[in-house]
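The structure under discussion appears below in the form of structure tokens.
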Amino acid sequence: MTLLGIAQIAIFFVLVVAITKPAGVFMYRVFEGERTFLHPVFRPLERLIYWLGGVREEEEQSWVRYSASMISLSIFSFIFVYLLQRLQGHLPLNPMHFSTPQAPSNATAMTPDLAFNTAVSFTTNTNWQSYSPDTTMSYLTQMAALAVQNFVSAAVGIAVAVALIRGFARHTAKTIGNFWVDVTRCTLYVLLPICILATLFFVAQGSIQNFKGPATVTTLEGASQVIEQGPLASQLAIKMLGTNGGGYFNANSAHPYENPTPLANLLQMLLIFVLGAGLTYMFGKMVRDTRQGWAIFAAMSLMFLAGAFICYWAEQRGNPMLTNMGLEHVYTAGQPGGNMEGKEVRFGNPMTALFATVTTDASCGAVIGMHDSFTPIGGLVPLFNIQTDEVIFGGVGAGLYSMLIYAVVAVFIGGLMVGRTPEYVGKKIEQKEVKMAIIAILATSVVILGFTAISSVAPFAKGGYWNSPGPAAANTNNGAAHGFSEMLYAYSSGAGNNGSAFAGINANTPWYNLTIGLDMLVGRFLFIIPALAIAGSLASKKLVPVTSGTLPTNGSLFVVLLIGTVIIVGALTYFPALSLGPIVEHFQMLNGKLF
Amino acid sequence: MGPGRIKEQDMLKELGPGFRLTLIFTVLTGLLYPAVMTGVSELVFPKQANGSLVTVGGKVVGSSLIGQPFAKAEYFHPRPSAAGSGYDATASSGSNLGPTSAKLLHGTTKMDDKNNEIVDFDGIGLRIVHYCIDNDIPYQSSIPIDQFKDSHGDLDEVKLIKAFNDDKSPLAFTPKTPIPQDAVTASASGLDPHISPTNADLQAGRVAKARGISADQVKQLIPQFTDRADLGFLGEPRVNVLMLNVALDQHFPASK
């Protein structure tokens with residue numbers, strides 16, 4: 001590791017600390033319905049949306065109504081995305097003629113199972129892509145189906161987090177807010193304005209934003225090169241801010257148009273974290289004790305820094321087998337060293353490792369380097385981040401509500417240790433809350449481990465519909481432990497609603513499209529609905545006064561307890577699977593074993 | 001309120017706003033937002049918004065952000081690419097091969113239609129051989145490299161790949177001083193427009209020779225197309241291959 005590499009991680013972290021409070025204060029004002037400096041512009045539009053949508057702004061909802069609204073929006077979103085994909089061959093803005101008889105020879109067919117998987121993927125904020133966008137999606141599908149869900153699914157995540165916070169903040173209340181109002185305000189005052197500025201910055205740095213067809217050029221050596229174009233920057237901004245992560249291009253943010261410079265990359269990483277970090281401050285402010293928010297922030301930060309440095313260390317150390325073949329693994333002023341397979345020269349090892357950590361701490365899933373080509377320990381960090389439910393700043397909203405669910409478990413364990421009824425921010429944590437928290441945590445691990453196990457052994461017959469013949473494990477690009485990691489990563493990424501991949505897996509088969517689709521649905525809704533149930537239950541409770549017997553949840557003791565809970569739950573659940581994947585591969589690599 | 005069960009009338013009441021808001025957000029964030037952003041970008045940053053295309057003598061020769069293939073000795077060579085058959089800007093991709101992949105390190109061969117054995121995937125070992133020989137970098141080899149040359153003096157790549165993959169006594173071919181990783185590894189996008197400055201320096205001699213000029217003349221040109229870390233600390237130093245090659249053609253046209 002070099003001083004410059006460490007500085008990149010440290011300075012990025014300082015910037016995150018600096019934006020947390022302003023972002024939190026602003027979101028607090030938006031969700032409390034206070035006037036902001038954006039109101040003169042967006043307030044009339046907000047009213048118009050309520051009028052057109054048939055939404056009564058002042059109406060409050062119970063947690064059941066709130067859940068019903070959330071499901072309603074998700075269902076229609078799913079239908080829209082599904083139909084737009086299936087019909088794209090008949091719709092405008094399709095200059096590459098995808099899904100038509102004139103499609104290029106390398107184009108991917110828009111099958112029902114692919115459209116299903118993608119529609120689930122984008123409505124659940126996952127952005128898992130079993131297709132390659134370069135060869136599959138028209139401009140219209142990208143903009144009006146996929147990018148719209150990048151806004152909507154992000155707004156839904158934040159709305160759920162806000163509702164859960166209201167559960168803690170309110171007492172003896174029957175309602176937790178209005179879903180439609182929360183989603184609309186989030187989109188108008190938080191997501192859109194930041195995206196507009198970020199889009200312009202990305203274009204200034206070199207990202208494309210046009211409706212032209214592909215540019216065909218003659219290279220210096222006289223060959224023909226077709227360079228795809230399109231409305232990229234506007235989608236890029238919300239892909240990062242909404243922690244969606246679905247690339248406009250197959251190479252995602254590694255593509256030079258999708259991430260032209262290291263400076264653009266810095267903004268991309270900040271966009272991933274800004275709302276997740278800001279929500280921790282908003283949480284503290286809404287429960288009237290900002291130290292509660294900073295305690296959550298501290299737990300997240302410590303885990304973030306640990307992950308970033310472990311990943312950077314592993315990637316800069318590189319692959320000893322390549323060193324033996326005569327490649328430079330030490331960083332020098334003129335070349336990056338480390339492990340450069342699947343990395344871009346402009347980003348090098350420290351920045352790629354940092355981005356991989358950030359994108360999986362949050363449920364973003366964009367990549368600037370191919371995680372599949374990371375060293376085993378470098379790849380273990382993103383995998384473990386996803387498996388522990390992405391609680392480190394997290395997906396917008398999802399990170400905070402997941403972390404609060406872990407906080408419920410942590411105070412429960414703490415309560416068991418000292419023999420008192422657990423409390424968190426003035427609310428008694430009882431049987432119902434703990435049950436709901438455990439349902440949320442268990443549901444994701446059941447689908448991740450269950451589907452990985454089935455795919456590892458399931459045989460498929462010759463000529464069948466679901467998959468090419470043989471085991472589903474044969475769809476992986478790599479053998480042995482690494483191939484297992486590719487499957488484990490795929491299902492973790494789906495259930496974690498992350499969307500990044502050990503991309504060497506051919507997941508565009510009906511089997512994977514269906515199972516990963518189910519995996520994403522469980523990971524999203526069996527997490528959100530228990531979270532809203534907790535919100536409803538907490539809101540109806542009385543505030544209990546702080547006594548000398550209360551475990552303080554705004555200090556370092558709680559931070560340690562919370563981190564311990566996340567790591568222990570994650571380790572107990574996933575250690576056996578991780579041992580078969582990246583951990584065994586690490587020792588194979590050190591011993592020079594190839595597969 | 002008990003946990004779980006959602007009442008039917010609640011659910012149905014929420015269907016209306018669900019449908020309408022999906023439509024409204026589609027128009028607002030899916031059509032208006034990208035359209036307005038495109039309009040503003042065209043006005044303020046037209047060059048970038050349209051792909052940073054590079055024009056030489058009135059002809060578009062590429063984009064300064066998108067790598068393109070170069071194989072001739074008189075040009076600087078980019079990194080290996082896993083995008084399509086190499087630098088295919090309609091199929092961006094990395095290799096997605098992991099650190100214990102025999103294919104990545106040693107390459108693979110396959111049979112073509114006429115049942116001749118051909119290279120399927122070159123692998124890092126073969127790339128190192130080419131890089132050392134092309135750029136006159138001293139190396140040591142467990143088997144003399146002349147044994148892998150055919151009657152024309154060209155390298156037999158299939159034979160080399162098989163030698164790397166030999167279980168009993170695999171070919172060990174190493175440069176005497178380590179070479180930069182980026183010269184022989186594929187990028188994440190397959191379209192990386194850059195190489196490292198060290199990689200460029202090592203290629204300068206070959207380029208100079210092919211153009212009949214001195215290596216110093218070429219080396220003087222490299223810094224003009226080298227970007228340092230952004231703001232002094234972000235990212236890595238890098239050389240833009242296309243822009244450097246365009247400048248070479250302008251300053252030192254290759255003799256035909």
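Hand me the trypsin sites (Lys or Arg not before Pro) from the range A:248-335 located in a DSSP loop with no more than 15 other Cβ atoms within 10 Å, in residue order please.
A:Arg288
Rounded, prolate or oblate: pick one for the range B:95-185, where a ≥ b ≥ c are the square roots of the eigenvalues of its C-alpha gyration tensor, a/c under 1.5 means rounded, and failing that, prolate if a/b is larger than b/c, else oblate.
It is oblate, given that a/c is not under 1.5 and a/b is not larger than b/c.
Show that you can apply the helix-only estimate: for chain B, add -39,500 (n - 2.57) for every DSSP H stretch of four or more residues, divide by all residues, and state [θ] at 222 nm to the nearest 500.
For chain B, the value works out to -10000 deg cm²/dmol.
Counting only DSSP beta bridges with both residues in the protein assembly as shown, what percent are antiparallel, rounded to the nearest 5?
95
Give me the Debye-computed log₁₀ of I(q)/I(0) at q = 0.12, 0.13, 0.15, 0.20 Å⁻¹ for the range A:326-435, equal point scatterers on Cα only, no solvent, two decimals.
Values returned for q = 0.12, 0.13, 0.15, 0.20 Å⁻¹ are -0.57, -0.62, -0.72, -0.98.
Sort A:299-305, B:98-104 by the packing proxy (mean of other Cβ within 10 Å over each peptide's residues), most packed first.
Sorting A:299-305, B:98-104 by mean packing, highest first, produces B:98-104, A:299-305.
Can you check what the net charge comes to around B:Gly84, using other residues whose Cβ is under 13 Å from the Cβ of B:Gly84 (Lys, Arg +1; Asp, Glu -1)?
-3
Report, largest value first, the span of the C-alpha coordinates of the range B:177-256 along each principal axis, in whole Å.
Extents along the principal axes: 38, 28, 25 Å.
Taking every pair of alpha-carbon atoms in chain B, give the share separated by more than 21 Å as a whole percent.
When every Cα pair of chain B is considered, 70 percent fall beyond 21 Å.
For the range B:8-47, just list the percent of Cα-Cα distances falling in each 5 Å bin from zero outward, please.
For the range B:8-47, the pair-distance distribution reads 6, 21, 15, 13, 12, 9, 8, 6, 5, 3, 2, 0.
Just add up the charged neighbours of A:Lys428: K/R +1, D/E -1, any other residue whose Cβ is under 15 Å from the Cβ of A:Lys428.
Residues close to A:Lys428 contribute a combined charge of +4.
Just checking the output field for B:38-47: average partner chain Cβ neighbours within 10 Å of each residue's Cβ?
That average works out to 5.
Counting heavy atoms of the protein chains only and a 1.4 Å probe, report the per residue accessible area for the protein assembly as shown as a whole number of Å².
Here the per-residue accessible area is 35 Å².
Taking only the alpha-carbon atoms of the range A:445-595, what semi-axes of the equivalent ellipsoid follow from 5 times the gyration tensor eigenvalues under a square root, in whole Å, largest first?
With the √(5λ) rule applied to the range A:445-595, the semi-axes are 39, 22, 10 Å.
Using a Förster radius of 25 Å, what is the FRET efficiency between B:Gln224 and B:Ile133 based on their Cβ-Cβ separation? Nearest 0.05, please.
0.30
How many nm is it between the label spots at B:Ser151 and A:Ala7, if each spot is 7 Å from the Cα in line with the beta carbon?
So the two model labels end up 6.0 nm from each other.
Mean Kyte-Doolittle hydropathy of -1.0 or higher plus an axial Cα length of 27 Å or more: which whole DSSP H helices in chain A meet both?
In chain A, the long hydrophobic H runs are A:3-31, A:63-86, A:148-169, A:262-286, A:290-317, A:398-418, A:431-457, A:510-539, A:556-578.
Give me the net charge for the shell around B:Gln203: Cβ to Cβ below 13 angstrom, other residues only, Lys and Arg +1, Asp and Glu -1.
Value of the local net charge: +1.
Any idea of the total accessible area buried by the B-A contact, 1.4 Å probe, rounded to 100 Å²?
The contact between A and B buries close to 9800 Å².
In peptide B:63-71, how many Cβ atoms from other protein chains are near each Cβ within 10 Å, on average?
Per residue, the average neighbour count from other chains is 6.
At 0.36 nm per residue, minus the direct Cα-Cα distance, what do B:Lys159 and B:Asn115 gain on full extension? Give it in nm, one decimal, please.
Gain in length upon complete extension: 14.3 nm.
Compute the relative contact order of chain A as a whole-number percentage, counting only Cα pairs closer than 8 Å that sit 6 or more residues apart in sequence.
Relative contact order, chain A: 19 percent.
Using just the helices of chain A, give the 222 nm mean residue ellipticity in deg cm²/dmol: DSSP H runs with n ≥ 4 each add -39,500 (n - 2.57), and the total is spread over all residues, rounded to 500.
So the calculated ellipticity at 222 nm is -19500 deg cm²/dmol.
Tell me which chymotrypsin sites (Phe, Trp or Tyr not before Pro) from the range A:25-86 have a DSSP coil assignment and no more than 13 other beta carbons within 10 Å of their own.
Answer by residue number: A:Phe37.
Over all residues in B:147-160, what is the mean tally of Cβ atoms on other chains that come within 10 Å of each residue's Cβ?
Going residue by residue through B:147-160 and averaging, the value is 0.
Please work out whether the range A:28-86 counts as rounded, prolate or oblate from its C-alpha gyration tensor, where a ≥ b ≥ c are the square roots of the eigenvalues and a/c under 1.5 means rounded, while otherwise a/b larger than b/c means prolate and anything else oblate?
Note, shape of the range A:28-86 comes out oblate.
Please work out the Kirkwood hydrodynamic radius for the protein assembly as shown, using every pair of different C-alpha atoms, and report it in angstroms with one decimal place.
Every distinct Cα pair counted, the radius reaches 27.6 Å.
Relative contact order of chain B, please, whole-number percent, based on alpha carbon pairs below 8 angstrom and at least 6 residues apart.
Relative contact order of chain B: 20 percent.
Cα-based count: Lys pairs in chain A below 21 Å, eight or more positions apart or different chains?
Lysine pairs, 8 or more places apart or on different chains, close enough: 21.
Using per-residue counts of other Cβ atoms within 10 Å, averaged over each peptide, order A:446-454, A:307-315, A:396-404 from highest down.
Listed from highest to lowest mean packing, they are A:396-404, A:307-315, A:446-454.
The values are calculated or read from the model by the stated rules, or taken from the named source; none is laboratory data. Note that the structure is predicted; figures quoted are calculated from it, not measured. Cβ: placed from backbone, ideal geometry, glycine included. Neighbour counts: every protein chain shown. Accessible surface is based on the protein model in full, side chains and every heavy atom, while ligands, DNA and RNA are left aside. Shrake-Rupley method; radii C 1.70, N 1.55, O 1.52, S 1.80 Å.
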